[in-house]
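Chemist: Let me begin by handing over the structure; questions about it come next.
What follows draws every value from the coordinates through simple rules; no lab data is involved. Small disclaimer: the values here were computed from a predicted structure and weren't measured. All Cβ positions, glycine included, derive from the backbone under ideal geometry; neighbour counts span all protein chains shown.
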Amino acid sequence: LSGNTRNWFLSGIPDSHRNFIGKGWRCLLSVPNAGANRTAHHSLGRFFPQSSQPLGEKVTPLLLSSAGHDFSAWNVPIIRSLRTSPSLQAAPVPLFWLIVKPAQKLLAIILGRSIRNWWKALPPNKRELLKESARKNKWKILLGVSGLGVVFVMFYFTHLEETPITGRARLLVFGKEHFRELSQMEYEMWMEEFKNQMLPETDARYQVVERVIGHLSESNKDIPEVAALEWVIHVVDEPGVNAFVLPNGQVFVFTGLLEAVSDIHQLSFILGHEIAHAVLEHAVKKASLVHFLDFLSLIFLTMIWAICPRDSLAVVGQWIQSKLQEFMFDRPYSRTLEAEADKVGLQFAAKACVDVRASSVFWQQMELAETIQGQPKIPEWLSTHPSHENRAEHLDRLIPQALKIRESCNCPSLSGPDPRLIFRLNMQHLLESSKHRETFNSTKQDLSKPKLDFAHT
């Protein structure tokens with residue numbers, strides 16, 4: 001969208017936004033425990049902001065107008081100094097397993113291939129003897145396999161812990177302290193990559209992010225996991241529409257995201273979603289599940305290379321096995337984690353007096369942006385994230401509960417129309433304008449066509 005079309009499609013800052021900033025209410029109520037869907041690492045696609053003003057009104061971008069607002073109620077102290085990590089005496093356990101994982105797969109392939117070659121080299125009579133022995137001892141073999149399965153089940157249930165806030169059971173293989181060390185290493189990697197792109201603390205865009213994060217953390221400080229983390233802000237001068245929070249509280253926001261959001265409510269919801277990833281320790285959960293599944297897959301990998309008669313078939317079988325694991329376990333689990341972060345992030349935003357209704361509009365805008373840009377739609381089962389449409393519907397179902405949380409926090413009432421209604425009206429206006437232009441262009445083309453003298457011809 002460009003020119004005049006963009007002017008009516010974008011929005012200024014509504015009255016509810018000014019009330020939201022001016023009063024800076026805090027709510028120190030516990031977020032209700034409820035069954036939730038889960039979430040993983042999140043990268044945002046480009047989208048167009050919502051409209052909260054009458055059609056035809058020109059846009060007042062957030063980042064240009066925010067600098068003129070009084071954020072006195074949002075001046076919550078945030079850790080801004082960069083600290084160097086202490087020297088590690090040994091590699092963290094997750095890092096050790098990341099290094100060892102390729103070696104594990106290689107050993108499984110070698111073992112399976114060796115079993116196959118050994119079986120091929122056996123004389124026919126010895127093969128028959130081994131088959132006969134296996135038939136006689138089939139119950140012992142079955143008992144041994146069952147025992148191995150029981151060990152895996154016991155390992156799984158003895159490593160379950162309760163998820164903060166939601167109270168759901170989760171698998172944790174790695175210790176949290178080891179994973180924090182790995183997060184520190186990842187933080188240093190990102191800092192090295194973006195060292196020449198970091199905005200100074202005096203930049204208005206940095207201050208907007210700082211105040212949003214400060215307000216979210218202050219409004220949810222009754223949650224131990226939120227209060228325990230020191231939130232460190234980093235705003236990267238990068239056009240990509242992206243934001244992420246490391247498990248140790250390091251917040252990275254790209255300027256492309258700040259230029260994309262239309263108001264502080266959308267930005268607060270997005271950052272609340274990212275904070276939820278860190279608070280719910282989704283990175284640890286995801287790594288634990290992947291490690292557990294990879295360990296189980298070593299058994300199937302050995303069997304594939306032992307049973308397949310040729311290496312080429314074994315390679316195909318290994319590829320099929322990895323894809324089945326990815327689409328049956330890894331990607332669905334990531335989508336569940338994303339949905340869980342949406343729910344908890346919405347609760348964080350509600351306690352910070354954000355207009356939570358803007359959350360579902362955000363995902364509708366994401367879908368609109370991809371449609372306008374002509375990006376192909378990927379089926380949800382192929383993605384690590386829920387589809388934009390399903391995500392918006394999921395948030396719409398959660399918004400009534402979030403509004404109750406917001407009301408219980410004595411937040412100022414929401415003034416102005418529902419942003420979801422405004423978005424639908426804008427979409428309708430956009431479609432009507434598009435049809436009108438198409439009709440006008442086709443009529444113009446018809447009038448410009450030369451008339452042929454069929455009789456003379």
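Chemist: Which links in Lys285/Lys351; Lys221/Lys351; Lys105/Lys285; Lys105/Lys323; Lys343/Lys377; Lys343/Lys404 stretch past 19 Å when you go from one Cα to the other?
Modeler: Numbers: Lys285/Lys351 26 Å; Lys221/Lys351 10 Å; Lys105/Lys285 22 Å; Lys105/Lys323 15 Å; Lys343/Lys377 24 Å; Lys343/Lys404 14 Å.
Flagged as over cut-off: Lys285/Lys351; Lys105/Lys285; Lys343/Lys377.
Chemist: Now for a separate question. Return the ratio Rg/(2.2 N^0.38 Å) for region 184-262, where Rg is computed over Cα atoms only.
Modeler: In units of the 2.2 N^0.38 Å rule of thumb, it is 1.10.
Chemist: Then there's this: Viscosity 1.002 mPa s, temperature 20 °C: give me the Stokes-Einstein translational D for region 335-418 in µm²/s, with Rh taken as the Kirkwood radius over C-alpha pairs.
Modeler: Roughly 156 µm²/s, to the nearest whole number.
Chemist: Can you tell me what share of the DSSP beta bridges in region 171-431 is antiparallel? A percent to the nearest 5 is fine. Provide the component values of the computation, followed by the final result.
Modeler: Numbers: 4 of 9 bridges.
Rounded to the nearest five, the antiparallel share is 45 percent.
Chemist: Over region 143-238, how many percent of alpha carbon pairs lie in each 10 Å bin up to the one with the longest distance?
Modeler: Spelled out per bin, shortest first, that is 12, 25, 30, 18, 9, 5, 1.
Chemist: Given R₀ = 30 Å, FRET efficiency for Ser146-Trp381 by Cβ-Cβ distance, to 0.05?
Modeler: Values: r = 32 Å, r/R0 = 1.08.
Efficiency computed from Cβ-Cβ geometry: 0.40.
Chemist: Rg/Rh for region 171-431: what does it come to with C-alpha atoms and Rh from Kirkwood? Don't skip to the end; give the middle numbers.
Modeler: On the way: Rg = 21.0 Å, Rh = 20.5 Å.
Here the Rg-to-Rh quotient is 1.02.
Chemist: Another question about this same structure. So what is the relative contact order of region 171-431, in percent, for Cα pairs below 8 Å that sit 6 or more residues apart? Provide the component values of the computation, followed by the final result.
Modeler: On the way: 285 pairs, mean separation 46.2, N = 261.
Relative contact order comes out at 18 percent.
Chemist: Right, something else. Along the Cα-to-Cβ line of Lys126, 7 Å from the Cα, sits a label point; which residues in region 134-160 have backbone N less than 19 Å from it?
Modeler: Within reach of a label on Lys126, which here means backbone N under 19 Å from a point 7 Å along Cα→Cβ, region 134-160 contributes 134-135.
Chemist: Turning to a different aspect of this structure: Roughly speaking, what is the stretch gain from Trp319 to Lys404, that is 0.36 nm per residue apart minus the C-alpha to C-alpha distance, in nm to one decimal? Let's see the in-between values first.
Modeler: Working: separation 85, 0.36 × 85 = 30.60 nm, distance 4.87 nm.
That works out to 25.7 nm of additional length.
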